[in-house]
Amino acid sequence: MHLLRSILAAWLFIFLLTGAQTAAAAAAPPKKPILYIPLDDRPVCLDYVVETMDAAGLTVLTPPKQLLASRGQDGDPAKLWQWLYSQAAEAEAIVVATDSLIYGGLVPSRRHELPQGTVLARAEQFRKLKQDFPRLRIYGLSTLMRTPRQSFGGMEPDYYEAYGPAIFRLTALLDKEETEGLAPAEKLEVAHHRQSIPAAVLQDWFARRQKNLAVNYTLIKLAQEQVFHYLVIGKDDNAPLSQTHREAQQMKQRTADIALSRFQLVPGVDQLGLVLLVRSIHEKAWKSPCIAVQYADGPGAATTPLYSDQKVSESVEAQIFALGCTPVSTPQDAQLLLAVNTPSDGITLEASHPLNLSTPSFAAQKLAEAIADWANRSTPPVAIADIAYANGADNGFLSVLSANGTLPKLAAYSGWNTADNKIGYALAQGLLAAQMPPEKRAALLQKRLLDDWAYQANIRRMLMQKYIVPEKLNPYRLGMPARKLQLIVADEMADFQRNNPGLDQAAYDYVFPWNRLFEIKITKRATG
């Protein structure tokens, strides 16, 4: 009888405890979402970001897609502000690309005809947002206007297709004049470019940059006044000698006394939406995960990649801090190990270059073998930033990882676009991987491998050689031929999947979301 009473008492306790837990769960307020306004509707800024957060069980709300910038259409700042206000009261935090709310998106920030007074007034609207929602944590992403060597397809003002290379060279020389001084021949070259580039073109281009700087300094002031919980300004494509680098150096001097916890100037742009979302999660949880970094042999950390103005080690460190994380020197002390595949000679080529072969360099082979060893240990998880080539994967490096069975074991992989983009995505997805179900982590990994390795490093080059050049198509404006090319991509992708271990055999659909060869959007086909 005593035993029976004890059992009944235990059951009663469990029943009451379970009921209390159920009631508490029912009474607990639902998780508040994070609002996210991206730079535009490109997959790397919108779809893949939302998919990453969703895979980690995190709720992100985005505005209606028609309000965002797309190819050939500017975003709608007024309606984006309306959407933001309509959702802000129920939000945990907001991550916002300020270019979308000020200019209408990233490309509009370079091409717009807005008066400076208009863009500055829009920047100041963040002050009112904070006043109206004082508890809201606002994470802002802005951009320092890029200085590309050349540009096609309407990504800059129309004159840049004709005069872009000369503008790039002129500003590189002006930057060098301030930092190193110019040789007599270089001074003559400066004079030549000033005469050959129409005065109206130079006046317009520099005036656009001045508006961009005025907006950024306004946003920095708002960060100092704690309107922004945290502000990051991304340096869009640039070079060690360029107008972007020149302006960045001036900005660093003017913001040297601002705490890194409030403001950072970070290389790269397109990865920063995801970076800020992950930072917001870490800050809410009062966490600062530790990250260790391993580079390939050769120049490694001292490599200055293509489209960047600083060493890769500086980019890695800046993005670790932007994520709200802590760098550590040994993997044993880390929650994530970032493996960075750098070029063995320190020279970053395009992934479409003929030297990007399936035979790995000695440095890539050695790093791939080390990654296999780390991945087999399971802790810490390994993420890869594959920066040996720009705009795509290192074929030799990936071939080794595929053959030795390492690819499915990775927490994350990134080989798209610039080195800085790759680093930020690899870190952010790698940090979230631990809270993802295995099948969702694997799905994200597959998309990156199909996009960055199969398409960007291989199929895109084939399309140029077999279709774009012979048929005299415009790779920046595909038009109707896009439909035929998408079917070709699907067939080529299926072959690539069959021939490379570590890639799944699922069927995917592929489209060119911006009507150009540069990027694709990958969607897994529904089964059943």
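Overview of values
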{"read-out": "Of residues in the stretch 501-510 being closer than 16 Å to Ile522 by Cβ and over 24 Å from the mean Cα position of the chain (by Cα), the one surrounded by the fewest Cβ atoms within 10 Å (Cβ to Cβ)", "value": "Gln505"}
{"read-out": "Residue that is hydroxyl-bearing (Ser, Thr, Tyr) and either assigned to a helix (DSSP H, G or I) or touching a strand residue (DSSP E or B) at 6+ places or on another chain (Cβ under 6 Å) (or both), where the choices are Thr523, Thr527", "value": "Thr523"}
{"read-out": "Near pairs, Cβ below 9 angstrom, 6+ apart or cross-chain, from the stretch 116-139 (more than 20 Å from Gly105 (Cα to Cα)) to any residue that is of a type in the set (Lys, Arg) and part of a helix (DSSP H, G or I)", "value": "Leu136/Lys130; Arg137/Lys284"}
{"read-out": "Tally, over the stretch 11-61, of residues that are in a helix (DSSP H, G or I), modelled with pLDDT of 85 or more and hydrophobic (A, V, I, L, M, F, W, C)", "value": "4"}
{"read-out": "Positions within the stretch 217-240 being more than 14 Å from Arg127 (Cα to Cα) and crowded, with 20+ Cβ neighbours inside 10 Å, in sequence order", "value": "Val232, Ile233, Gly234, Lys235, Asp236, Asp237, Asn238, Ala239"}
{"read-out": "Matching strands (runs of 3 or more DSSP E) fully within the stretch 253-342 where at least 2 residues are hydrophobic (A, V, I, L, M, F, W, C) and over 29 Å from Phe168 (Cα atoms)", "value": "290-295, 336-341"}
{"read-out": "The one condition in (1) touching a helix residue (DSSP H, G or I) at 6+ places or on another chain (Cβ under 8 Å); (2) in a helix (DSSP H, G or I) that Asn421 fails to fulfil", "value": "(1)"}
{"read-out": "Among (1) surrounded by 15 or more Cβ atoms within 10 Å (Cβ to Cβ); (2) in contact with a strand residue (DSSP E or B) (Cβ under 9 Å, 6 or more places away or on another chain) - the single one Lys284 does not satisfy", "value": "(1)"}
{"read-out": "Residue match in the stretch 131-144 (condition: over 30 Å from Trp81 (Cα atoms), assigned by TED's automatic domain parsing to the domain that holds Leu277, surrounded by 19 or more Cβ atoms within 10 Å (Cβ to Cβ) and of a type in the set (S, T, N, Q))", "value": "no"}
{"read-out": "Scan of the stretch 60-98 for residues that are within 21 Å of the chain's Cα centre (by Cα) and either closer than 19 Å to Tyr230 by Cα or of a type in the set (Ser, Thr, Tyr) (or both), ordered by number", "value": "Val60, Thr62, Ser70, Ala93, Ile94, Val95, Val96, Ala97, Thr98"}
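The values are calculated or read from the model by the stated rules, or taken from the named source; none is laboratory data. None of the values given here were measured: they were computed from a predicted structure. Neighbour counts run over all protein chains shown; Cβ positions are idealised from the backbone, glycine included.
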